[in-house]
Amino acid sequence: MKAQAICFGAGTIVNAIATGKGAAFGLALRATATAETRPEGFGVRVHVPASIDPALAQSSATRVLRRSRRKAGLEVSVDSEIPASRGLKSSSAVANAVVLAGARALGLDLEAHQIIRIGVDAALDAGVTITGAFDDACASMFGGVVLTNNAARKLLAVSRLPEGLMAVVQIPPRVITKPSLLGTDFSTIRPEVEEAFRLALGGEYFRAIEANSAAYAPLLGVDEGPAIRARAAGAVAAGVTGTGPAIIALAKPAHVDAVRRAMGDGDSEIRVVGLNTTESREVVA
């Protein structure tokens with residue numbers, strides 16, 4: 001049996017590292033996984049691009065195979081248009097896609113929350129997340145806006161950003177890996193991040209994005225200059241996403257070109273990306 005699944009990236013409203021509570025929104029950047037069952041002695045084999053940690057795909061596939069209890073092997077191939085280690089939730093999208101495709105190939109009927117939890121455990125196994133990134137995984141799977149308690153793995157609220165917005169994403173060439181942040185003391189910014197989450201709970205997503213960015217950017221060594229320029233050019237909100245270094249600006253179509261130009265620095269890639277508001281259940285058997 002063979003199956004393919006597509007899941008999506010996401011952007012940060014509030015990063016959960018400092019408080020255990022986060023908020024994120026879906027981005028229309030795809031990660032695709034193809035899974036095919038093999039004979040039992042085959043084991044689990046994964047094929048991924050150089051930018052994707054093979055340990056993440058391996059752990060995701062192994063966990064879903066164990067869940068199925070089938071005497072079978074599993075071969076998985078992954079492709080992704082989401083830049084890795086930039087804060088665009090590539091790990092969550094890959095984990096979700098591998099688990100979803102693997103489950104369908106194995107004939108295992110899993111609910112969305114089960115898929116997310118398996119992927120979160122796999123991401124923790126692989127060391128590509130600090131909190132488990134339950135918020136990012138939910139935004140990847142469900143689209144729209146999600147608010148979560150990552151420590152309890154609880155989805156607190158589901159909503160949407162206002163209609164008609166586009167994301168303008170500045171993607172610097174450098175990466176920030178999760179292992180490189182293990183010695184960082186995020187407790188110093190907890191009050192600011194708690195306030196950002198309070199804003200998000202009240203539906204003030206744009207203010208929350210900017211409050212979150214102001215708190216995290218200095219600690220992460222990320223320059224907020226592109227976000228400041230984006231706002232001046234007409235973006236309704238802009239800030240660092242995840243642990244960076246990517247910056248996301250949200251803008252109406254009339255301002256997208258101006259925002260894109262304002263965020264350019266001659267070194268970074270600038271992408272204009274739609275928002276994802278649909279659940280990632282696109283599976284082809």
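Among the residues of region 65-114, those identified as over 20 Å from the mean Cα position of the chain (by Cα) and assigned to a helix (DSSP H, G or I) are Leu65, Arg66, Arg67, Ser68, Ala103, Arg104, Ala105. Taking the condition buried (at least 18 other Cβ atoms within 10 Å of the Cβ), outside the structural domain of Gly9 (by TED's automatic domain parsing) and in contact with a strand residue (DSSP E or B) (Cβ under 6 Å, 6 or more places away or on another chain), does Pro172 pass? Answer is no for this residue.
If a residue must be out of contact with any Phe, Trp or Tyr (no Cβ under 6 Å at 6 or more places or on another chain) and either assigned to a strand (DSSP E or B) or of a type in the set (D, E, K, R) (or both), how many such residues does region 11-26 contain? Give the steps one after another, and end with the answer.
Step one: of region 11-26, the residues out of contact with any Phe, Trp or Tyr (no Cβ under 6 Å at 6 or more places or on another chain) are 12, 16, 19-20, 22-25.
If we keep only those that are either assigned to a strand (DSSP E or B) or of a type in the set (D, E, K, R) (or both) as well, we get 12, 22-25.
The number of residues fulfilling the criteria is 5.
Among the numbered conditions (1) buried (at least 16 other Cβ atoms within 10 Å of the Cβ); (2) part of a loop (DSSP other than H, G, I, E, B); (3) under 18 Å from the mean Cα position of the chain (by Cα), the only one that Ala167 does not meet is (2).
Each row is one residue, and each column tells you yes or no for (1) buried (at least 24 other Cβ atoms within 10 Å of the Cβ); (2) among the small types (Gly, Ala, Ser); (3) at pLDDT 95 or above.
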site	(1), (2), (3)
Pro49	no, no, no
Gln58	no, no, yes
Arg63	no, no, yes
Glu81	no, no, yes
Asn96	yes, no, yes
Ala103	no, yes, yes
Ala123	yes, yes, no
Gly127	no, yes, no
Ile130	no, no, no
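When we screen Asp257, Asp265 for residues that are loosely packed, with under 15 Cβ neighbours inside 10 Å, farther than 23 Å from Ile17 by Cα and without any contact (Cβ under 8 Å) to a residue 12 or more places away in the chain, the only hit is Asp257.
The values are calculated or read from the model by the stated rules, or taken from the named source; none is laboratory data. Note that the structure is a prediction, hence the values are computed from the model and not measured. Every residue, glycine as well, gets a Cβ built from its backbone with ideal geometry; the counts of neighbours run over all protein chains shown.
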